[in-house]
1. Dipole of the stretch 87-234 (Lys/Arg Cβ +1, Asp/Glu Cβ -1, origin at the Cα centre): which of Phe105, Ser172, Pro90 lies farthest to the positive side?
2. Would you mind giving the three semi-axes, in whole Å and largest first, of the ellipsoid equivalent to the chain according to its Cα gyration tensor?
3. Which value in Å does the Kirkwood hydrodynamic radius of the stretch 1-57 take, with 1/r averaged over all unlike C-alpha pairs and then inverted?
4. In the full protein assembly as shown, how much of Lys43 is accessible to a 1.4 Å probe, in Å² to the nearest 10?
5. Ala4's amide H: which non-local residues (gap 5+, or another chain) put their own amide H closer than 5 Å, with H modeled 1.01 Å from N in plane and none for Pro or chain starts?
6. Just report the Cα centroid separation between the stretch 159-222 and the stretch 19-96, whole Å.
7. Please work out the ratio of the alpha-carbon Rg of the stretch 248-303 to 2.2 N^0.38 Å and round it to two decimals.
8. For the stretch 126-174, what is the largest minus smallest coordinate of the Cα atoms on each principal axis, given in angstrom and ordered from greatest to least?
Amino acid sequence: MSTAIAISGVSKRFAEIQALDNISFDICQGEFFGLLGANGAGKSTLINIIAGLVRATTGSVKVLSYDVVKQYRQARQRLGVVPQELVYDPFFNVREVLQLQAGYFACGKANYRWIDELLELLDLTEKAKENLYALSGGMKRRVLIAQALVHKPDIVVLDEPTAGVDVELRKSLWQMTNQLHQQGMTIVLTTHYLEEAEALCDRIAILSHGKLKILDAKHQLLDRYPYRWLCLYFHQKFVVPDALQAKVVTQTEQQLTLKLHKQQDSIGEILEYFHQQGLILQDLQMKEPSLQDVFLELTQEAS
């Protein structure tokens with residue numbers, strides 16, 4: 001696949017802080033790419049370098065083969081960024097803000113039809129004549145997304161797009177980003193809601209303390225986690241054998257949750273043990289690892 005964003009040996013130092021340390025990876029065209037990491041991992045610094053807001057100490061970034069420093073006009077024309085912070089101009093209404101944004105990219109009145117489509121797509125049509133200061137936080141975030149898309153970029157970077165929004169808006173933003181992705185747009189997502197990345201992203205990079213901890217396809221990341229959970233519900237009280245005590249996650253009088261290694265622990269042997277004790281099993285549930293489990297293990301290893 002062709003490369004949408006090429007990140008080569010990027011490091012960034014702020015005084016005594018090494019925000020990024022020799023980061024290198026490519027994001028493919030048409031990909032839904034997740035960039036994850038705890039606070040301070042370097043995600044926002046990397047995004048700001050991609051967007052041309054911060055210069056790397058060493059290394060380079062190219063957006064569709066255009067260097068973000070040497071060919072910044074061409075690079076920024078092909079990139080739309082939705083910032084994490086709610087930044088807006090209170091002196092203009094929604095439509096005027098989008099028209100001004102389009103003007104920054106030399107998009108004239110011919111682009112106004114696309115603005116109407118964006119307003120419809122983001123459910124902002126009824127708010128088009130309202131000043132931004134009068135909008136709710138969720139509506140302001142929709143306007144930020146519309147601003148990032150107003151010049152029809154090939155790549156859009158979503159930096160915590162659903163931070164602080166309600167569940168309904170989060171769901172609608174998921175649907176919108178999926179629709180853009182299906183139309184061929186390359187999307188880069190950073191989020192602390194790991195279920196978002198698990199539901200949406202094709203590949204995921206995890207940063208930790210300025211370093212690239214891991215980069216892999218989502219399903220391969222999940223396969224790396226060696227554990228799963230077995231939850232057993234009994235009709236009566238039970239005793240956990242000494243051999244299983246180290247695997248107990250939670251335990252009540254009639255419920256037991258065990259953390260089991262996929263390769264080393266036999267579920268059949270565990271069930272057979274309780275059967276031999278004359279215990280009646282009321283219910284059984286299995287829980288496979290989530291992206292959050294993988295993320296926590298990788299970032300805790302690095303801390």
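1. Toward the positive end, the furthest listed residue is Phe105.
2. Values: eigenvalues 407, 118, 49 Å².
Rounded to whole Å, the semi-axes are 45, 24, 16.
3. Details: mean 1/r = 0.0829 Å⁻¹.
Evaluated over the stretch 1-57, this radius sits at 12.1 Å.
4. 20 Å²
5. When sequence neighbours closer than 5 places are left aside, the close amide H contacts are Ile27, Cys28, Gln29.
6. Centre-to-centre (Cα) distance: 15 Å.
7. Working: Rg = 14.6 Å, N = 56, 2.2 N^0.38 = 10.2 Å.
Compared with the compact-globule rule of thumb, the stretch 248-303 sits at 1.43.
8. Principal extents (Cα only, largest first): 31, 25, 16 Å.
The values are calculated or read from the model by the stated rules, or taken from the named source; none is laboratory data. These figures come from a predicted structure and were not determined experimentally. When we count neighbours, we look across all protein chains shown, and the Cβ atoms used for this are built from the backbone with ideal geometry, even at glycine. What goes into the accessible areas is simple: the full protein's heavy atoms, side chains included, and nothing from ligands, DNA or RNA. Shrake-Rupley method; radii C 1.70, N 1.55, O 1.52, S 1.80 Å.
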